[in-house]
Amino acid sequence: MVLKVLNVVMALLFSVSVAVQHNDPDPLVWMAIYGAALVCCVLSVADRLPWQLSAVITVVAFLWGASLAPEAIGKTSLSEMTAEWHMTVAGGAVEAGREMGGLLIVGVWTAVLTVVHRSRRDPV
């Protein structure tokens, strides 16, 4: 029951994330990753999530986030990344840090879903 509630909350957050990407310089890739995480949440609530799907999304999110790390780590702070809700300047360390944070959220949540659904399908 707790997982279902958390999935509904995360699905709502990922839905908002998809919706706010319309003004991003590269909206389709961001809508795709947040949309994929949203699909995982919905399938998990229905207990129909193939763990391999969430595993692939986890790997993509973590690798993508890692590729942004050199642009963000040590070059911006959490307070700078959260100072404003909108982007005033495209690019730079703040944007890379925000993007890396979003990918970290996607990666962590889909990793949780992978572990849960794999253990349900393939008991040890």
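The values are calculated or read from the model by the stated rules, or taken from the named source; none is laboratory data. Because the structure is a prediction, the values reported are computed rather than measured. For the accessible areas, the whole protein counts, side chains as well, though only heavy atoms, and no ligand, DNA or RNA atoms are used. Shrake-Rupley method; radii C 1.70, N 1.55, O 1.52, S 1.80 Å.
Carbon-plus-sulfur fraction of the accessible area of segment 29-76, 1.4 Å probe, in percent? Show your work: numbers first, answer last.
Working: 1850 of 2470 Å².
C and S fraction of accessible area: 75 percent.
Solvent-accessible area per residue for segment 2-55 at a 1.4 Å probe radius, Å²? Don't jump to the answer; show the numbers that get you there.
Details: 3010 Å² over 54 residues.
Ligands and nucleic acids excluded, the result is 56 Å² per residue.
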